[in-house]
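Only one structure is covered here, and it is reproduced in the block below.
The values are calculated or read from the model by the stated rules, or taken from the named source; none is laboratory data. All figures in this text were calculated on a predicted structure; none of them were measured in a lab. As a convention, Cβ positions derive from the backbone with ideal geometry for all residues, glycine included, and neighbour counts pool all protein chains shown.
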Amino acid sequence: MTQRTGAPRPRRMWGLAALVVVVLVAVGALVVTRIVRDDGPQRAIGPAGATRTPQASPTPSPTAPPGAGITGPLNLLLVGVDTRVSVPGWEPHGDAVLVLHVPKGLDRAYLFSLPRDLLVDIPAFPKAGYRGGNTKLTHAMSYGSRVPGKPKQPSTSQGYDLLRSTVSGYTGLRIDAGAVLTFNGFDKLVDALGGVDLYIDQRVVSLHRRPDGRHREGAPGGGGYVGPQMVYEKGERHLNGWQALDYARQRYVTGGGYARQRHQQQLIKALVTKILDEDLARQPERVQQVVDTLGDTLVYAGGPRIVDIAYALGGLTPDRFVSVDLPGAGVGKGSGYRGEQLTSTGRKFVTELRAGRADAYLAAHPELRITR
């Protein structure tokens, strides 16, 4: 692969709850199946990233608003997974790995992707019988999902545990919460929101779908698909559910996997903007409609409640939601290809983000911002 180079508004619990749900489900053009986090008692995020266990007040006091103890910084790991539930024993792979970083103050957020083929050190994970090694990031999910004695019953949540440790080790960021996402149901979610308006930045020919939305048939003998293909032309477009999912999945385009990462982030921002612009905060019945559409595909376990996180992010507006495109390059070529690595510019962004200097770094490197 070739190298590429205001004041907060009032907090609105229902609207931001919808925003958070959309952020979680939209990443990688997928649907939330499980939100996971460290085991143990519920904890609040302190101003320096330290954690503390909330203590009961010795005397009666007014009830604190949701999310009052969450002050940042906050890091969410969002993982798009191809589970292929139709294939017994298929191990989940981390096809899209994204980090949402919200600094102290919770008034802005940075979203960036890590290449699925990024070469990383995956730590040993005795629970899955994995001894550790240096390999592609996508494998952390599959290696961690293995359950000894149950080869046909991989655990996606267990795979997430190993992927979380791997990402934390690579970035130096403590991961506070996360979501594992699959393809199933995303089209219904987008349709429940009335579709999405998106700027298509290049012509994209679908590998998977026909113009009428039906799946293309596999070629006789394998090796691809046959039949007419859906085409997404450059420009402002309104996409329904299956179109949004299909567009954000394509990686055999100019820019390859890096272009797909960019398209996924563009889709997230478009959905967030739609929710805020249409003021869904004042339409709880619409939020309930979306939740009903998700059904059992949204599961939350442990840590701060999703409503608390949503309420804590009430000061965010679309212009404070920054999508960042980290440049990378292939390691090895042809049959000697080993994976991807971030360029020095990409690695330095993560360092500056961790130090609280992301805005200054982006000002010096404006090419890293995804603006549409």
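Is it the case that segment 224-235 has a residue that's surrounded by 19 or more Cβ atoms within 10 Å (Cβ to Cβ), touching a Ser or Thr at 6+ places or on another chain (Cβ under 8 Å), of a type in the set (Ser, Thr, Tyr) and at pLDDT 85 or above? Checked against the condition, which is being surrounded by 19 or more Cβ atoms within 10 Å (Cβ to Cβ), touching a Ser or Thr at 6+ places or on another chain (Cβ under 8 Å), of a type in the set (Ser, Thr, Tyr) and at pLDDT 85 or above, segment 224-235 yields at least one hit. Scanning segment 323-363 for residues that are of a type in the set (Lys, Arg) and at pLDDT below 90 turns up just one, 333. Examine segment 310-322 for a residue that is at pLDDT 65 or above, under 29 Å from residue 121 (Cα atoms) and hydroxyl-bearing (Ser, Thr, Tyr), and state whether such a residue exists. Taking every residue of segment 310-322 in turn, none turns out to be at pLDDT 65 or above, under 29 Å from residue 121 (Cα atoms) and hydroxyl-bearing (Ser, Thr, Tyr). Here is the figure for segment 111-133: residues that are surrounded by fewer than 17 Cβ atoms within 10 Å (Cβ to Cβ) and either aromatic (Phe, Trp, Tyr) or under 20 Å from residue 98 (Cα atoms) (or both) total 2. Among the residues of segment 127-160, those identified as within 15 Å of residue 78 (Cβ to Cβ) and of a type outside the set (Val, Ile, Thr) are 137, 140, 141, 157, 159, 160. Within segment 187-199, identify whether any single residue is farther than 18 Å from residue 98 by Cβ, surrounded by fewer than 22 Cβ atoms within 10 Å (Cβ to Cβ), among the small types (Gly, Ala, Ser) and over 23 Å from the mean Cα position of the chain (by Cα), and answer yes or no. Among the residues of segment 187-199, not one is farther than 18 Å from residue 98 by Cβ, surrounded by fewer than 22 Cβ atoms within 10 Å (Cβ to Cβ), among the small types (Gly, Ala, Ser) and over 23 Å from the mean Cα position of the chain (by Cα), which makes the answer no.
The rows are residues; the columns are (1) at pLDDT 95 or above; (2) part of a loop (DSSP other than H, G, I, E, B); (3) among the charged types (D, E, K, R); (4) out of contact with any Leu (no Cβ under 9 Å at 6 or more places or on another chain).
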{"position": "113", "(1), (2), (3), (4)": "no, no, no, no"}
{"position": "116", "(1), (2), (3), (4)": "no, yes, yes, no"}
{"position": "119", "(1), (2), (3), (4)": "yes, no, no, no"}
{"position": "147", "(1), (2), (3), (4)": "no, yes, no, yes"}
{"position": "151", "(1), (2), (3), (4)": "no, yes, no, yes"}
{"position": "154", "(1), (2), (3), (4)": "no, yes, no, yes"}
{"position": "157", "(1), (2), (3), (4)": "no, no, no, yes"}
{"position": "164", "(1), (2), (3), (4)": "no, no, yes, no"}
{"position": "167", "(1), (2), (3), (4)": "yes, no, no, no"}
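State all residues of segment 327-363 that are loosely packed, with under 12 Cβ neighbours inside 10 Å and not hydroxyl-bearing (Ser, Thr, Tyr); if no residue qualifies, say none.
Within segment 327-363, 332, 333, 334, 336, 355, 356, 360, 363 qualify.
Which of the residues belonging to segment 313-372 are basic (Lys, Arg) and either closer than 16 Å to residue 110 by Cβ or assigned to a helix (DSSP H, G or I) (or both)?
Passing the criteria: 320, 347, 348, 354, 357, 369.
Based on what the data block shows, is residue 225 over 20 Å from residue 261 (Cα atoms) and hydroxyl-bearing (Ser, Thr, Tyr)? It is true that residue 225 is over 20 Å from residue 261 (Cα atoms) and hydroxyl-bearing (Ser, Thr, Tyr).
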